[in-house]
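Nothing in this text is a laboratory measurement; each read-out follows from the coordinates by a stated rule. Just so it is clear, the structure is predicted and the values come from calculations on it, not from any experiment. Every residue, glycine among them, receives a Cβ derived from its backbone with ideal geometry; neighbour counts consider all protein chains shown.
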Amino acid sequence: MTNDDVIYRSRLRLFALAKEMGSVRSACRLLGIHHSTYYRWQRQLVRFGPELLRPRERRCGRSRKVNTSD
């Protein structure tokens, strides 16, 4: 299981826990996620589906070109 899978499962768990508890704020507080993040994910989940909850790949930092023409 990759780190991305762990993050994805914890995000899905947040939605299940909020439904089970009946309180979004309590579920978010328990998992340490801000409630506004939950609502942002929820909008995207409804619009694009559960695959959107997977972490996005980050771009690698640009490396500086070293000028070696002396």
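Some notes on this structure:
- DSSP-assigned coil residues among trypsin sites (Lys or Arg not before Pro) in the stretch 18-59, each with at most 16 further Cβ atoms within 10 Å: Arg56, Arg58, Arg59
- Label separation (Tyr39 vs Ser23): 1.8 nm, computed from points 7 Å beyond Cα along the C-beta direction.
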